[in-house]
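Just so it is clear, none of the values below were taken in a lab; they were calculated from the coordinates. All figures in this text were calculated on a predicted structure; none of them were measured in a lab. Ideal geometry is used to build each Cβ from the backbone, glycine not excepted, and the neighbour counts take in all protein chains shown.
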Ligand SMILES: [Fe+2]
Ligand SMILES: [Fe+2]
């Protein structure tokens, strides 16, 4: 069962950004599925790696769009990206070291973060740049 539903309300109207967000939602669901199916640490860890690496790629793409378009609110937006990456990388190292486990609350945190960030920050960005 999908943890997070992709729907039109999450669309910001920029095809590259929307495609990435849809992929991120898919990866969060994959992580939730692996977790609830009781998959081992190797499988869950691999999905977590993929989610983090795709997130970094996606943030870099958005930040590239910000620079290319001299987006005025870039600093604040980038700070949100940096904070999230720090938090998840921090979790990942604890997970790999065996001092943290995947939990429903982590998935909820990721879903809430992504939803909020898309609706607030990414929508605002998409309104200021040419549609792509
Ligand atoms: Fe963003
Ligand atoms: Fe985004």
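Within region 95-119, restricting attention to residues that are over 14 Å from the mean Cα position of the chain (by Cα) and outside any loop (DSSP other than H, G, I, E, B), which residue is surrounded by the most Cβ atoms within 10 Å (Cβ to Cβ)?
Residues of region 95-119 over 14 Å from the mean Cα position of the chain (by Cα): 95-105.
If we keep only those that are outside any loop (DSSP other than H, G, I, E, B) too, we end up with 95-97, 104-105.
Details: 95: 18, 96: 13, 97: 8, 104: 11, 105: 8.
In this case the residue turns out to be 95.
Yes or no: region 92-110 includes at least one residue that is within 15 Å of ligand 1 (Cβ to nearest atom) and over 27 Å from residue 7 (Cβ atoms). Before the answer, list the steps.
At the first step, the residues of region 92-110 found to be within 15 Å of ligand 1 (Cβ to nearest atom) are 110.
Okay, now just the ones that are also over 27 Å from residue 7 (Cβ atoms), so none.
There is no residue in region 92-110 that is within 15 Å of ligand 1 (Cβ to nearest atom) and over 27 Å from residue 7 (Cβ atoms).
Of (1) surrounded by fewer than 16 Cβ atoms within 10 Å (Cβ to Cβ); (2) within 16 Å of ligand 1 (Cβ to nearest atom), residue 40 satisfies all except one. Which?
So the condition that residue 40 fails would be (2).
How many residues does region 58-94 hold that are touching a residue at least 12 places away in the same chain (Cβ under 8 Å) and under 13 Å from the mean Cα position of the chain (by Cα)?
Residues that pass the stated criteria total 10.
Check residue 28 against each of (1) in contact with a helix residue (DSSP H, G or I) (Cβ under 9 Å, 6 or more places away or on another chain); (2) assigned to a helix (DSSP H, G or I); (3) within 15 Å of ligand 1 (Cβ to nearest atom) and name the one condition it does not meet.
With (1) in contact with a helix residue (DSSP H, G or I) (Cβ under 9 Å, 6 or more places away or on another chain); (2) assigned to a helix (DSSP H, G or I); (3) within 15 Å of ligand 1 (Cβ to nearest atom) applied to residue 28, the lone miss is (3).
How about region 66-91: which of its residues are more than 13 Å from ligand 1 (Cβ to nearest atom) and in a helix (DSSP H, G or I)?
Across region 66-91, the qualifying residues are 67, 68, 86, 87, 88, 89, 90, 91.
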